[in-house]
Structures are given as C-alpha cells and as structure tokens.
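To keep things clear, I will list the structure first and then write my remarks on it.
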2 protein chains.
Amino acid sequence: MDVTLRQLTAYAAVARAVSFTAAAAELHVSQSSLSRAVADLERTLGMRLLERDTRNVRLTPAGAEALRIADQILSAHRAGLAQLGRYGAGERGAVALATLPSVAAVLLPPVISAFRARRPEMTVRLLDGLERSVLDRVIDGDADFAVSTVARRAPGITLRPLVRDRFDAVLPEHHPLAERAEVTWEELGREPFLAVGTDSSVRRMTDAAFAQAGMEANPATEASNVATVGGLVAAGLGVSALPALVHPLVGPGRLVRRPLVGPVVERRLYVVLPTRRTLPPGARRFLEQLEEFRSAADALPAGVMWEEASEDR
Amino acid sequence: MDVTLRQLTAYAAVARAVSFTAAAAELHVSQSSLSRAVADLERTLGMRLLERDTRNVRLTPAGAEALRIADQILSAHRAGLAQLGRYGAGERGAVALATLPSVAAVLLPPVISAFRARRPEMTVRLLDGLERSVLDRVIDGDADFAVSTVARRAPGITLRPLVRDRFDAVLPEHHPLAERAEVTWEELGREPFLAVGTDSSVRRMTDAAFAQAGMEANPATEASNVATVGGLVAAGLGVSALPALVHPLVGPGRLVRRPLVGPVVERRLYVVLPTRRTLPPGARRFLEQLEEFRSAADALPAGVMWEEASEDR
DNA sequence: ATCTATCCATGCGTTTCGCGCAACAGTTCC
DNA sequence: GGAACTGTTGCGCGAAACGCATGGATAGAT
C-alpha cells in the first residue's frame, strides 16, 4: 500500500488542528473517515504519528516531521496544479512567433505591447526571418505559429488571411514620377530599378508584377536589406517598389511613395497555423489579442488593410 | 474531482514512453487502465495533454508542461517519503540529549563519535546543565532524554540505570592521607573540606555521606565549578570528594585520588526517559549505541562501572 | 461519587472507484 | 485485403472509502 494524497491531506488537517473532530468539520468529512485515513497512513509508514489518549491528540516527534513533509508534498501538488492552470489560461509560458521583419517591426509591436501588459508572466519570442525559414519554423515546431506571406500552400499548415499590403513605388524626392498621384508598373519599369535580394518574397512579387505589366524585370542593383535599397533610392540611383508595411524599415532618407497601379499588387499576409498540432494556450491568447486589433479596425499604415475575418484555409 | 497521484503517475509514464501499451507494461497494469486514468486527468484539467491518432501518441504543448509539473509533484512525493523513511530509521534528524557536564565531557564523547560516524546525517545536541535543569528539559520536552543523577523520582519520567560512579577523595599531592590506599569519610572530614556549590548533586551527596559517617559537613570553602575546587586542592587549601567521572574536569593540577570508604558512596547515573512521549527514532538509535558501549564493557575511568542492564523503573 | 459531554476507534452496510477482460475502431505494413 | 498493432469503451467484479451508529474512555461539572 502506498501513501496517497488523501491520507496526507487528512493527516495534515488533523495534525494542525490537533483534533480529529475539528479537522473533520474543516474538511467536510466524517470523523471516522479521518480516523481511518490517519491509521492507514501510520500503518503504511510503520510509525506512530499521533499520540492519542481518548481525550487529547498530540504529535509524536515523527508526527512533527511528517507534518513538515506532508505540507511540502501537498504544497508541491497545489502549486503544480496552479501553475498548470495558469499555463492553460495562457497566463504563463511562452509564445513563439515566426514572422517577417516588416511584420515584426510594424504590425506586431502594439499587439505584443498590449498582450504583455495584460499577461505579464508570458514571454513572447519573435523568430524573424525570410518567408522560407518562417514557414519551416512552423512546420518544424520551433514556432507556435507565424504571420507571413505564403508562396505556395504547404501540407500541414492552415492559413488565415490577416492583412493586405499594397505595393507602392518608392521614388527619390524630386523624381518626375513623384508628381503623379499614382504610378503604373510600366512607368516604373522604365526607370533603373533597385531590387531586394532574390530569395525575398518581395522580390518574387515585384518580378511577377513587372511580368504581368508585360515588362521584363531588370534590376539595376540588388541589395538584401530594404534599408539599403531605401538609401540607394534616396541617393538618386533609381526607383523601387515595396509593400506599404515595409516602409518604416526603409529609413529616414528623402523618399516619396506613390501607389502602384496597373495592376494594383497586394502582398497577402496570413496567420500560419500548424494544422495538426494543438496551439499552446498562450499562443491562442496571443491570436485573440491580434483579432482584437483587427476588429477594433486599428489604424494601419497607409496601403495596409485588415482582411475580412474568414474561415481557415 | 481532483488530481490524484495515481493519475499523475500514469500520465508521466505514458508521456515519457509516448505509448500507452509500453507504459502499461512498465507499470504492470492494463493498458485500458492507463487510458482511463489519462482521460480522467485531461477531463479534470480541462485540457488535452496527448494527441493520439490510433497509431501514434504525441504530447501537446500543454502535455509537455504537464509532464514537467507531474514530475515535480511525483518527485516531491517520493523525496518526502524517503526523507521520512530515513528519519524513521534514525538516519536523519536530531537527538537532543540533556546531561550533566561530567557525563557530557567524559562518558559521552566516544558514544557520540561512534554514533555520528555511523549516521552522518544525524545531529546531536547536548544540553548540559545541573541535575535540576536536566530533568526539567526532559519533562518540558526540550530534550528527548537525559543521562543524569536523579535526586527524587519525578512523575512522567522513567529511569534506566546506566553507571555507578564512586566518590574518591581528592588530595594535594603530598598530603598525609595520600599515603593510604583508601580513605574513610571520617578521616576526610577532619581536613578542611572544599565543597562544590549547594545546588549541585555532588554537594548533596557529600553532605549525605558525611552525615552517614557521623560527621557534620563543614566546608571550608565552596566553589561552583569543579575545576576551581581542583585548583584549591592542588594549592593545598584543603581536600575534597568527587565522583570518579568528574575527575577529568578537575584540571591538570598536582592532585591524587584515593577511593573513599566507610561507606563507599556511589553516584548512580540513569538514562532518564519521558514516560509518555514516544522517543524519536534518532534518539532510540542513540540509546542503542550507548547500550553497545555497555555490553562491550568498554573501558571506563577507574571508579566508574556499568550498571547491569535491567528493567526500566 | 456520579453524571454528562466529548473524543477517538470500530463494526457494518452502501456507494464509489479502479481494474482487467473483451470487443471495437482506426492505421500501418505486408 | 488481411494481419498486426494501436488506443477506446462497455461490462462486471472486487477493493476502497465513506457515513452512520455504537462503544470505550476521560475530563469537567454537579
């Protein structure tokens, strides 16, 4: 026979009250039940814990030691379950979120800030990288979910549209095209084009947009960092096209943005969820926080707009 | 319904094995039992811990957290019971032992040394004082038991004879009486007598011995500390009478000891046990160690001898 | 000294819990 | 398509736990 929590609970109550009757009232059980529980415990441990003459109850030295230890065990139990409860309520633990640098820097900060204010015991880990690595992190389980563009549907992940992110032309301050209210891809393609590195989702989309406008993508210069591209544009080396969400990362250079049309190209950002895995409660809460921002129609940068809430795909 | 150790044990085994069948074999229970236990746990916690398609079992994020916590709780339980077991075996804890300075300094050191060597996790607390405070400490429960003389039988304590401790005359090195092989109380009483303070058990007994020899106790000088008495004797101020066990405390002065006869007076030292209280296991072990010394007829100072083992009184 | 009010232990009958067995349902492998 | 495994679930049995009622013992009151 082994020592159950029930026995320890009973013993601790009796030992603390130094009375079976009082402890029974406290625990809302019968006195006989406690009497038996303690007797069983003593038999199992092979030591007398309480000295009882018919009138009084006293602790033996072993009983005092046992009370100490029973308290330790019971509080470990209580504390453990409380921890797990807080974890389950999404109040404790960590959210690991894979995302693109632009999303991390522009879209998420207010969400993270609100989330942390409400649940100070939660940690948010941002795993920022390019689209490919972002999706891999979700699939591999490094991240609980992602906010990212998605080139092609991959098995095992579910998509939930989040925002549409329009491409703008990025021009030097006094460039002729800067006088237009809107710029076409065809007009833009006639200028020296400064592109971001080939493995970027932005690059993939600009290439596709030029092709759709019947032009050949023909970058004058490439750079992997958008801030670098911004610097080059400001210096008058050419023009570029970037999604609206990226603009805050382009830097403080003397640039102007103009909506790109013919066609309007939008980058679609999704919440990327692993289909199989259960989402940790903390991550679920984080998504709820994100939804709150969506439904509050919170102000987004010009050219970025919330998608309608819709079914997962 | 609440979370039982049984459920946590079942869950931990299943989660670790990532298999109900394997865990069932390990725990020697049926697989169906584990299936139910885990299902119950999940229902109680209100969260899914294991993701199971008919072929595989995987942990959910909450499941991983729950495994961590279940392990904590179970190991607290295991460790607590192990501690209590060691306590019960007298391998852990403390022995509080009240005793007279002479016993503490002469009789006990080898016992304590052997005891600690065998049970390094045990602590021995020596509460040394005069007879009166020693008995009070046992009665009040400050000490687990005592080794002491006992003036009069007190209620609530049980006595077990330990050693007999003969009174010797203590004489300056070149005193005329020092030439005798033995000295009588009557002879001693004719010399200037140096006594220990009135509240000492030694003083009580010397007074009684002189009375029995038909003399009046008439101390020339009193001192509370036996080492002081020793110094006075060595300086030639008089003679004294001390139990053999005390001699090592008298100091390195130039003294001689001679057995006192007419009558032979023996101080009886008892193990003093509280009648009601259960003895802590460590204290019990300490007494066993003491008994070992007795039965090994271990060498005691001249004039001190073990009592025969006998019933408690 | 007797009586009364408590207190803990224990016998008994009932209910709940936990278990194993066996049948079942969904996968994977051959 | 069948064999071999997996976890789930219905069922019946046995043990565990509980409350009630009772009994023995004692402290305090009368």
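Scanning segment B:75-119 for residues being of a type in the set (Ser, Thr, Tyr), more than 9 Å from chain A (Cβ to nearest Cβ) and more than 23 Å from B:Phe167 (Cβ to Cβ) gives a total of 1. One residue alone among B:Val134, B:Val111 is within 11 Å of the chain's Cα centre (by Cα) and closer than 15 Å to B:Val271 by Cβ, and that residue is B:Val111.
Going through (1) closer than 22 Å to A:Asp199 by Cβ; (2) surrounded by fewer than 18 Cβ atoms within 10 Å (Cβ to Cβ) one by one, A:Pro110 falls short only on (1). Of all residues in segment B:52-73, those satisfying the criterion of being in contact with a Phe, Trp or Tyr (Cβ under 8 Å, 6 or more places away or on another chain), within 10 Å of chain A (Cβ to nearest Cβ) and touching a residue at least 40 places away in the same chain (Cβ under 8 Å) are B:Ala66, B:Ala70.
Yes/no per residue for (1) away from DNA strand C (no atom under 15 Å from the Cβ); (2) exposed (fewer than 14 other Cβ atoms within 10 Å of the Cβ):
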{"residue": "A:Ser30", "(1), (2)": "no, yes"}
{"residue": "A:Asp40", "(1), (2)": "no, no"}
{"residue": "A:Gly46", "(1), (2)": "yes, yes"}
{"residue": "A:Thr54", "(1), (2)": "no, yes"}
{"residue": "A:Leu67", "(1), (2)": "yes, no"}
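Of the candidates A:Glu222, A:Glu308, the single residue that is more than 20 Å from the chain's Cα centre (by Cα), surrounded by 15 or more Cβ atoms within 10 Å (Cβ to Cβ) and more than 14 Å from every other protein chain (Cβ to nearest Cβ) is A:Glu222.
For every residue, the table says whether it meets (1) of a type outside the set (Lys, Arg); (2) in contact (Cβ under 8 Å) with a residue 24 or more places away in the chain; (3) within 16 Å of DNA strand D (Cβ to nearest atom).
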{"residue": "A:Thr4", "(1), (2), (3)": "yes, no, yes"}
{"residue": "A:Val38", "(1), (2), (3)": "yes, yes, yes"}
{"residue": "A:Leu50", "(1), (2), (3)": "yes, yes, yes"}
{"residue": "A:Leu81", "(1), (2), (3)": "yes, no, no"}
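A count restricted to segment A:6-32 and to residues that are of a type in the set (Ser, Thr, Tyr), within 10 Å of DNA strand D (Cβ to nearest atom) and in contact with a helix residue (DSSP H, G or I) (Cβ under 7 Å, 6 or more places away or on another chain) stands at 2.
What do you reckon, is B:Ala283 part of a strand (DSSP E or B) and of a type in the set (A, V, I, L, M)? It is false that B:Ala283 is part of a strand (DSSP E or B) and of a type in the set (A, V, I, L, M).
Taking into account only those residues within segment B:157-199 that are in contact with a strand residue (DSSP E or B) (Cβ under 8 Å, 6 or more places away or on another chain) and in a helix (DSSP H, G or I), which is farthest from B:Gly238 (Cα to Cα)? Top of the filtered list is B:Trp185.
Determine whether A:Leu81 is under 30 Å from A:Val202 (Cβ atoms), away from DNA strand C (no atom under 13 Å from the Cβ) and in contact with a helix residue (DSSP H, G or I) (Cβ under 9 Å, 6 or more places away or on another chain). So A:Leu81 does not fit the description; no. Just one of the numbered conditions (1) within 14 Å of chain A (Cβ to nearest Cβ); (2) touching a residue at least 40 places away in the same chain (Cβ under 8 Å) is not true of B:Val18: (1). Could you run through segment A:100-143 and say how many residues are farther than 13 Å from A:Ala283 by Cα and part of a strand (DSSP E or B)? Number satisfying all stated conditions: 2.
Since every read-out is calculated from the coordinates, none of them should be taken as a lab result. It should be emphasised that the depicted structure is a prediction, and the values quoted were computed from it without experimental measurement. Every residue, glycine among them, receives a Cβ derived from its backbone with ideal geometry; neighbour counts consider all protein chains shown.
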